[in-house]
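The values are calculated or read from the model by the stated rules, or taken from the named source; none is laboratory data. Remember, predicted model here, so these are calculated numbers, not experimental data. Positions of Cβ are backbone-derived with ideal geometry, glycine not excepted, and every protein chain shown enters the neighbour counts. Calculation scope for accessible area: heavy atoms of the full protein, side chains included, ligands and nucleic acids excluded. Shrake-Rupley method; radii C 1.70, N 1.55, O 1.52, S 1.80 Å.
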Amino acid sequence: MARFDLPLDELRAYRGESGPPGDFDVFWAKTLQEAREHELDVRFEPVDTGLTTVRVFDVTFRGFGGHPVKGWLRLPAGAAEPLPLVVEFVGYGGGRGLAHEQLLWASTGRAHFVMDTRGQGSAWGGGGGTADPVGAAPAFPGFMTRGIDSPEDYYYRRVFTDAVRAVEAARSHPLTDASRTVVTGASQGGGIAIAVGGLLPDLVAVAPDVPFLCDFPRAVSLTDSHPYREIALFLKTHRGRGADVLRTLSYFDAVHFASRGRAPALFSTALEDQTCPPSTVFAAFNAWGHEDKAIEVYEFNQHEGGGPFQEERKVRWLRSYA
């Protein structure tokens, strides 16, 4: 697929198609306050992986509603002092994978925490192990329209809350340095990282790659690729409900979290990406609230984005922050 979105010079100025609801901050403050009424109840269980350079812990903590959420904590073998912490969120349909996977960040001498995404982990990769015990009204298959009738019931309210709690859980380990916490992720994981970057003011860096969940009004009308297409197909059946659906989504649009970001950020996008169109990524990047920000643009790539080239870029970039 060749380029289909705005020209690059227009992308660099594009700001998105909607603003946040008036009670956006109140909604999220209340959501996190309710979540924190539950004890984190973090458990770190050592895993025998056969690895000699990395120690792995099977982690369980309490997320939204006090529900148990899984994760992996990976530490360089022999670590004795608190380490910079990278918290990573995974792409749509995937889970935390297997204990021996994703060794890059621990290999750089940092602590690495990967959050399982509730209800997901059955579409690709090594799977997941976190249920989503909350029911919802009829939805299109997938996760994008679960609970879309109201912000209080929407699926990503639970996921974003889990993600904030994941940072708190990872920071509770004695070998992680809470003052040097970074969040990252690609696609859905990138959108979650932006949300966490807007909800937690004390991060040292945020690094979202080809992020999903940005600028819903434009995304839903611009691309016919999944997962955004789930929303359009829901509205194809539920005629006349577009305004109500977009109102719910406005509480979860990464663009609105981005404007509240208070840490340096490195974004990436791909100009042929139909899954997460570049204009939606630039809307979040241009809104990002910290002046120390950069975006890598991969001109001839689709949703794979920069892949290992972007990983190398992030490793070098993070040397200045954590």
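Summary of computed values
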{"quantity": "The chain: calculated mean residue ellipticity at 222 nm from DSSP helix runs of at least 4, using -39500 (n - 2.57)", "calculated": "-9000 deg cm²/dmol"}
{"quantity": "For segment 120-201, convex hull of alpha carbons as volume per residue, Å³", "calculated": "124 Å³"}
{"quantity": "Where N is the number of residues in the chain, Cα Rg divided by 2.2 N^0.38 Å", "calculated": "0.94"}
{"quantity": "Exposed GluC sites (Glu not before Pro) absent - longest run of the chain, DSSP non-H/G/I/E/B, at most 12 other C-beta within 10 Å", "calculated": "153-290"}
{"quantity": "Sequence-distant aspartates and glutamates (8 or more away, or on other chains) whose Cα lies within less than 14 Å of Lys70", "calculated": "Asp41, Glu45, Asp58, Glu88, Asp116, Asp132, Asp162, Glu168"}
{"quantity": "Segment 55-179 - convex hull of alpha carbons, volume per residue in Å³", "calculated": "94 Å³"}
{"quantity": "Under the span-like rule (Cα at least 24 Å along the axis, Kyte-Doolittle mean at least -0.5), DSSP H helices of the chain", "calculated": "155-171"}
{"quantity": "Solvent-accessible area, 1.4 Å probe, carbon plus sulfur percent, for the chain", "calculated": "51 percent"}
{"quantity": "Highest-MSF residue in the chain out of Gly19, Gly91, Gly189 [GNM, Cα springs under 10 Å]", "calculated": "Gly19"}
{"quantity": "GNM flexibility winner over the chain from Gly22, Gly119, Gly198 (Cα, springs under 10 Å)", "calculated": "Gly22"}
{"quantity": "The chain: antiparallel DSSP beta bridges as a percent of all, rounded to 5", "calculated": "45 percent"}
{"quantity": "Sequence of Leu32, Leu246 when ordered by accessible area, the most exposed leading, probe 1.4 angstrom", "calculated": "Leu246, Leu32"}
{"quantity": "Coil-residue chymotrypsin sites (Phe, Trp or Tyr not before Pro) of segment 231-322, DSSP, other Cβ within 10 Å capped at 15", "calculated": "Phe300"}
{"quantity": "Per residue solvent-accessible surface (Å²) - the chain, probe of 1.4 Å", "calculated": "40 Å²"}
